[in-house]
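In what follows, a single structure is set out as structure tokens and then discussed.
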């Protein structure tokens, strides 16, 4: 299913983030203006320290800017209470991080079920695992799974609540090339088939070919935006 990209999902205006460490001020973001539209796959590209993770955490309601405004659809996140931000994260956002954060004593299926128990319209856990081609490993514990399989369980857990947005912070950073391709294929399938607006942070420029748009960051600022006329599959990437 090809998703038609229509309305705005996220809008940021003048987003600035300053961390104060004693007398030292670190400017992580410097006036970011950005829009993400429904159903798009966007890559946030940049070196370590460029502000990618800070921006992703602000979009996901895990952090708040020092200045500027952030809107999710019609909700102004920068004017929302901590309780409202918790509800926003719970209802609308799936997170995937570099490290899998699975509970070792629970099977793959049970790790996914943790999310479905608090969601209003969840997938069946096996359906979520099928989306990442791991349904046959549903009863395995994390220690019985490879790193790539554990990351795919983490993706299944993130999408099982049917989030409107999937935010991925270096999801292949701890994986070898071939395993990373499998994980990226799972993320691309979710974007393509479920229409989930997807943002992936990476320092690997090769991954950019999978995206609808590539937003490059440097020193806390957007240094470039590129729109891809066509997208490559993960297996076609030149690492």
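Where a number appears in this text, it was derived from the coordinates with a stated rule and is not lab data. Please read these numbers as outputs of a predicted model, since none were measured by experiment. Here the Cβ is made from the backbone with ideal geometry for all residues, glycine too, and neighbour counts use every protein chain on show.
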Taking N as the residue count of the range 118-239, its alpha carbon Rg divided by 2.2 N^0.38 Å gives 1.10
Between residue 103 and residue 124, how many nm apart are label points set 7 Å from Cα along the C-beta direction?
2.2 nm
With the crude spin-label approximation of a point 7 Å out along Cα→Cβ, what separation in nm comes out for residue 178 versus residue 83?
5.2 nm
The extension gain from residue 13 to residue 140, computed as 0.36 nm times the residue separation minus the Cα-Cα distance, is 41.2 nm
Could you work out the helix-only [θ] at 222 nm for the chain, with each DSSP H run of four or more residues adding -39,500 (n - 2.57) and the total divided by the number of residues, to the nearest 500 deg cm²/dmol?
-8500 deg cm²/dmol
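If you take the square roots of the eigenvalues of the alpha-carbon gyration tensor of the range 90-162 and sort them as a ≥ b ≥ c, do you get rounded (a/c under 1.5), prolate (a/b over b/c) or oblate?
prolate
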Could you give the radius of gyration (one decimal) and Dmax (whole number) of the Cα atoms in the range 8-236, in Å?
17.3, 54
Interatomic Cα distance distribution for the range 159-209, bins of 10 angstrom, percent:
24, 57, 19, 0
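Based on the mean of other beta carbon atoms within 10 Å per residue, what is the order of 149-157, 37-45, most packed first?
Going from most to least packed, we get 149-157, 37-45.
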All alpha-carbon distances of the range 29-149, grouped into 10 Å bins from 0, give the whole-percent distribution 10, 34, 32, 21, 3
